[in-house]
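Everything below concerns the one structure shown next.
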Amino acid sequence: MGPELAPDPSGRRLTGMRAARRGALTAATIFGGLVVIAAVIAPPFTSTVPQLDLPAGALIALFSLPGLALLGAALTSAALGSRWSAASAGLAIAIGSPVAAVTSAMIGAFILVGFLEGGGRGGDVAGTFLRAGVTAAVRISPLIALGSVGWVMIVRRFGPPVRLPLGEASRADPSSADPQAADSSFTDPPRD
């Protein structure tokens, strides 16, 4: 058994997994809703049949959920760190969520249409999703910015406190900002 599979008596690994799961669920919920709004605003291929805008938007959002959840899980640990780290995680999710959503939706559409109608048609539909996704992301960019701020705030509010190595300031322990007070490696060991 390798070191990464060894039992963790401190529980930090389990806490990190739970935090990543909450971050993934939060990102999928917030940005999945924005994908529905974006798909209704810029429908990729249902513009001739307006009654299909909402169901098509829901299907596109369903296809985009894996990419959004993966992005949210990956950025959760950064959002739980220092304020600068949380700000960079918010910027990363604001930039990455349209990319993750469009990429995941393109893959889902390519596979679904490829199975139903053939590979050539799947590529055409994926290209349509790419054009419509970029257009829709530009149209709802203020909502994406608000969603990313909301995601960081929710993750930080309901996430576990982060315990950084000694000598680094953490959100959980503001007294650790002084490295000499928190880390005994700055003092000489007692001599016998």
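If the condition is being farther than 17 Å from Pro98 by Cβ and among the aromatic types (Phe, Trp, Tyr), then the range 114-140 contributes only Phe115. For the range 88-98, filtering for residues that are surrounded by fewer than 19 Cβ atoms within 10 Å (Cβ to Cβ) and in contact (Cβ under 8 Å) with a residue 24 or more places away in the chain leaves 1. Counted as qualifying within the range 108-192 are the helices (runs of 4 or more DSSP H) with 1 or more residues that are at pLDDT below 75, of a type outside the set (Lys, Arg) and over 27 Å from the mean Cα position of the chain (by Cα), namely 119-139, 179-182.
Scanning the range 66-93 for residues being in contact with a Ser or Thr (Cβ under 7 Å, 6 or more places away or on another chain) and either more than 15 Å from Leu25 (Cα to Cα) or of a type outside the set (Gly, Ala, Ser) (or both) gives a total of 6.
Here is a check on your reading of the model: is Leu91 within 26 Å of Ser148 (Cβ to Cβ) and part of a helix (DSSP H, G or I)? The answer is yes for Leu91. Does Ala69 fit the bill of being over 16 Å from Met153 (Cα atoms), within 10 Å of the chain's Cα centre (by Cα) and either assigned to a helix (DSSP H, G or I) or modelled with pLDDT of 80 or more (or both)? Judged against the criteria, Ala69 is a match.
Against the test of being over 18 Å from Ala137 (Cα atoms) and either at pLDDT below 85 or in contact with a helix residue (DSSP H, G or I) (Cβ under 6 Å, 6 or more places away or on another chain) (or both), the options Ala20, Ala61 yield a single qualifying residue, Ala20.
The values are calculated or read from the model by the stated rules, or taken from the named source; none is laboratory data. Computed from a predicted model, the values in this text were never measured in an experiment. Cβ sites come from the backbone with ideal geometry, for glycine too, and all protein chains shown count toward neighbours.
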